[in-house]
Structures are given as structure tokens and as C-alpha cells.
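The values are calculated or read from the model by the stated rules, or taken from the named source; none is laboratory data. Fair warning: this is a prediction, and the values are worked out from it, not measured in the lab. Because the Cβ atoms are built from the backbone with ideal geometry, glycine has one as well, and the counts that use them run over all protein chains shown. When the accessible area is computed, the model is the full protein with side chains, heavy atoms only, and any ligands, DNA or RNA have been set aside. Shrake-Rupley method; radii C 1.70, N 1.55, O 1.52, S 1.80 Å.
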Number of protein chains: 2
Amino acid sequence: MNQAIETVDQVPRAQDTKERILDAAERLFADNGFAATSLRQITAEAQVNLAAVNYHFQNKETLIRAVLHRRIGPINKRRFDLLDALEFAAGDSGPLVLEEVLRAFLLPVMEARTSCPEMRHWPRLLGRLYTELHGSLMEMFQKEMAPAGQRFTAAIQRAEPGLTPEALAWGLHFGIGALAHFLAAGELLRFISRGTVDPDDHLEALGFLVTYMTGGLRALRSQNKETAQ
Amino acid sequence: MNQAIETVDQVPRAQDTKERILDAAERLFADNGFAATSLRQITAEAQVNLAAVNYHFQNKETLIRAVLHRRIGPINKRRFDLLDALEFAAGDSGPLVLEEVLRAFLLPVMEARTSCPEMRHWPRLLGRLYTELHGSLMEMFQKEMAPAGQRFTAAIQRAEPGLTPEALAWGLHFGIGALAHFLAAGELLRFISRGTVDPDDHLEALGFLVTYMTGGLRALRSQNKETAQ
DNA sequence: GTCTATAGTGGGATAGAC
DNA sequence: GTCTATCCCACTATAGAC
């Protein structure tokens, strides 16, 4: 009742304009990509005036930046919480388990789609990000991801000491690619599996991806031992 | 000498207009993506009149289709030749080696960049393809890739009989993602590895990717055994 | 088959009233 | 902060001369 006092007849304006723009942009960018989404589509979906975009954000690039920035922090916060718990449990000298480290990295992205509603577009958005962004946007993203990259690189290193830094970089890159491709083009999986796999079951996907990445990284570690002579 | 008789002062017109458009489009699509590349850029680079595009191809979508179609055949031909050789060597009942099957699938794409000049943009183009194409274009690509998909799925199945069809689909999907991400965003690898890895060395990449995919698929096979009870 | 010219559309951005 | 109206630009596609 209370909440209605100030918003009678304002149903479509319940949220702040700025946030409504971000919400609409997030969904459209995720579904259609950055280049293919026009500001007009965004303002139409947000039920907001076209000029509002240029008022609240200077231009389209800054809007993209804002859309990404809003989500990166919470996702990485969750990652760090999970990794903190693993490291605490392992103590100063105990071992870290590769599967669990990878799960801590991947779970926040996977669960985003289902757990909290306002996060549900992030996975697809992330999938698009890697192939569509260039220049300053990519640099901005790399800067925001650098701390997570460093902490998880170190954790994987600790879990699998046999991995050289080069092999770890390759493995991480391949894993991110597998993740991004699944998030952006999960529907292909329906085709590949002839309908027997449901790509919308993200927890199942998490299990398969953790297994796959673990196997891939351990194989890179073993190969390295062999060629080390 | 002979070849100059008819082409004096025709240096920029040495090639057929249609093919020059395809060449320019291929490079620009690979570098900037499909949506972000304009027909004007293409005709400018091809040193061809703007209207020529709509004369030789009806519209932009058909041009994209033609660019893709021109390369898929030869790549898959090479794949089949390599797989034929493996299957011949293995005979009717002998085993296939997973590493070799994957190498037969990946080598033609990797070597495309370096071996024959006119193929050098295909890898990046392929990387873009999976995340940028929709609807009819994606269907067309799937249709052209279906035979290769079926043959290699069967070969992997033969190499690793323990893999369930579902696990194989997941593994293949992840592997394609790793490949596409490497091809489209290889520069990220420089960043992740802090400059110690050169993503332009495609033969090195092939080795790492074969190892990674092999390890991932074998891990999926083992996991399946465990959960089979 | 190749060109010029242009139609027709939709985009990002802004000026200026309210 | 919000709106209308509009500028200016780039794009795809086509018409029609040569």
C-alpha cells in the first residue's frame, strides 16, 4: 500500500529513467549485439525519450561501458567470496582443488541467469563481448577484469603446480572461449546434439564445463612434462 | 609475357570484379564483423563501383553467404582427406586415435592462415561467424557443415567409445568455442599471458588446442563412467 | 557489365522549449 | 530532467544512361 502512494498511475515510471535505459540496453545488447542495437530500440523498450540517452550518458559507447560496468563488480565480488572460502579451507599450505577453483570462477556467471532476475542477461552479454568489442571498450573491460585474472591465475597455479605460465594462459584462453561460445551460441548445442541436450540448464552446463576445463588443463600440464625432457 | 597481352594498363582489373568483391568482403568481414562492414568499405577496398555489389550479388546477405560458401568446401575437403587417411590406416576394426582425429578437424582451419594466401582470413571469419550470424545465414552454415559434423562425430565416437552422445556434443561444442575464441580474439592471449605467448603462431596453437580438447573429452568420458553407477 | 546519381531509410547526436 | 523537432550523416538498394 505504502509503495503506491507516490506512484499512482506511474507504473511504467516506477524505476529511475537512467536505470530503465540500462536495463533495456542490457537486454537488447545481449540479444542482438552492440552494433546491431540502435539507441531508438533501446529508448522504445525502456519507454523513455530518445534524448534521454544522450542526457544521462554522453553517447552510445559510454552507454555500453555503463552497462558492462554495472555487472562486473558484483560478479567478481561473488567469485572472490567463493575463492576466499576455498583458500581459507585449504589453509596456508594445503592444496587447492582445480575443479573447485574453476567452479568458483564459472558459477557466478552461470547462476547469474537464473538466481537474480536482473542478472539474467549477463551471460549472453558476456558471450558477445569478446568478439564484438574493440579498442577502448576492450581495454576498459580488461582493466576491470585484471584483478580476477590475477587471483584465479595464481589459484590455478597453486592447484596445478606443474602448469607452466604459458600453458596456463592457453588453457584459460580456451576455457573462456568455451564459456563464451556456450553463452552466446548455446542454441547450436541443440543442433549438434540433435535435440538431446538442453542448453538452458545452466547448472548441468557448469558441471560439463568444469569437467572439460579440468581435463584440458591437466592434459596441458602432462604434455608439458613430456616435452620438458 | 603472354599474360600481359590482354591486361596492359589493367593492373587493378587483373582479377574478375566478382572475385575482387569477395576478396575484399572476406577481409573486412573478418577484421570488423559482418554488421560493422559497409558495402561502401568493400567496394572501396576492391576498387570497384558500389553498384557492382548489387549487380553480382543481390544484396548484402547474399554476399555474406557467397563469401562463406566459397571457403567451406575446400576446408572440409581437406578435412575429409585427412580423416580418410586415418581411417584407411586404421583399417576396418583398428582403433582411431583421438588426437589424430581432432588434428584432422583443426589443421585445415589453422593452416589456412599461413599455407595458401587466399585462405588467410578464413580463421578470423570463422571466429566471427558463430557469434554474429543469425537466422537464415546460420541455417545455411549448419547445412553446409552437417556432413563434416556427422563424420567427425562418428570418428570421435570410434576413438573414444566410452563417450555418450550427450557428452560428445558438449565436448565438441566447447572445443569449437575454444577454437572460435582463439581465432577471433587471439590478441587477448597476449594480454592474458602478459606477452609471453604469440597467438600468430598457428601451429603452436594447434598443438595446444589438440592437447586441450583431447584432455577435455577424455575427462568427460571418465566422468560419465563414474556417474553411470 | 559498368558507371553516376539518387531514392529511401535509419542511424547518432543536438538545440531549445518546457 | 524531459520532451519535440530536426540536423546531418551513413547506409542499402535501385533506376537508368552508357
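One residue alone among B:Ala85, B:Ala36 is in the same structural domain as B:Gly127 (by TED's automatic domain parsing) and open to solvent by 20 Å² or more (accessible area, probe 1.4 Å), and that residue is B:Ala85. Only one residue in A:Asp23, A:Asp92 is assigned to a loop (DSSP other than H, G, I, E, B), away from DNA strand C (no atom under 16 Å from the Cβ) and open to solvent by 20 Å² or more (accessible area, probe 1.4 Å), so which one is that? A:Asp92 is the lone residue from the list that is assigned to a loop (DSSP other than H, G, I, E, B), away from DNA strand C (no atom under 16 Å from the Cβ) and open to solvent by 20 Å² or more (accessible area, probe 1.4 Å). Of everything in region A:168-187 that is of a type in the set (Gly, Ala, Ser) and within 7 Å of chain B (Cβ to nearest Cβ), the residue that is nearest to the chain's Cα centre (by Cα) is A:Ala180. Might you check whether a residue that is in a loop (DSSP other than H, G, I, E, B), touching a helix residue (DSSP H, G or I) at 6+ places or on another chain (Cβ under 9 Å) and closer than 21 Å to A:Asp81 by Cα occurs anywhere in region A:167-184? Among the residues of region A:167-184, not one is in a loop (DSSP other than H, G, I, E, B), touching a helix residue (DSSP H, G or I) at 6+ places or on another chain (Cβ under 9 Å) and closer than 21 Å to A:Asp81 by Cα, which makes the answer no. Evaluated against (1) modelled with pLDDT under 95; (2) open to solvent by less than 90 Å² (accessible area, probe 1.4 Å); (3) within 30 Å of A:Ala159 (Cβ to Cβ), A:Pro12 falls short on exactly one condition, (3).
So, in region A:199-210, how many residues would count as being free of Cβ contacts under 8 Å to residues at least 40 places away in the same chain and either closer than 19 Å to B:Glu139 by Cα or at the interface with another protein chain (Cβ under 7 Å from one of its Cβ atoms) (or both)? Selection size over region A:199-210: 2. Contact map, region A:97-119: first residue open to solvent by less than 20 Å² (accessible area, probe 1.4 Å), second residue assigned to a loop (DSSP other than H, G, I, E, B), Cβ cut-off under 6 Å, separation 6 or more or different chains; pairs are A:Leu98/A:Glu160. The criterion of being more than 9 Å from every other protein chain (Cβ to nearest Cβ), assigned to a loop (DSSP other than H, G, I, E, B) and either aromatic (Phe, Trp, Tyr) or closer than 30 Å to B:Ser93 by Cα (or both) does not hold for B:Pro147.
Among the residues of region A:95-118, the one identified as of a type in the set (Gly, Ala, Ser), at pLDDT below 95 and not in a loop (DSSP other than H, G, I, E, B) is A:Ala112. Scanning region B:120-142 for residues that are surrounded by 22 or more Cβ atoms within 10 Å (Cβ to Cβ) and away from chain A (no Cβ under 14 Å) yields one hit, B:Trp122.
Please specify each residue of region A:186-218 satisfying the condition of being within 14 Å of A:Val101 (Cα to Cα) and of a type in the set (Phe, Trp, Tyr).
Going residue by residue through region A:186-218, those that are within 14 Å of A:Val101 (Cα to Cα) are A:206-207, A:209-215, A:217-218.
Scanning region A:186-218 gives a single hit, A:Tyr212.
Restricting region A:196-219 to residues that are in a helix (DSSP H, G or I) and out of contact with any Leu (no Cβ under 8 Å at 6 or more places or on another chain) leaves a set whose member that is farthest from A:Ser115 (Cα to Cα) is A:Ala219. Among the residues of region A:46-62, is any surrounded by 17 or more Cβ atoms within 10 Å (Cβ to Cβ) and either away from DNA strand D (no atom under 14 Å from the Cβ) or within 14 Å of another protein chain (Cβ to nearest Cβ) (or both)? Checked region A:46-62: at least one residue is surrounded by 17 or more Cβ atoms within 10 Å (Cβ to Cβ) and either away from DNA strand D (no atom under 14 Å from the Cβ) or within 14 Å of another protein chain (Cβ to nearest Cβ) (or both).
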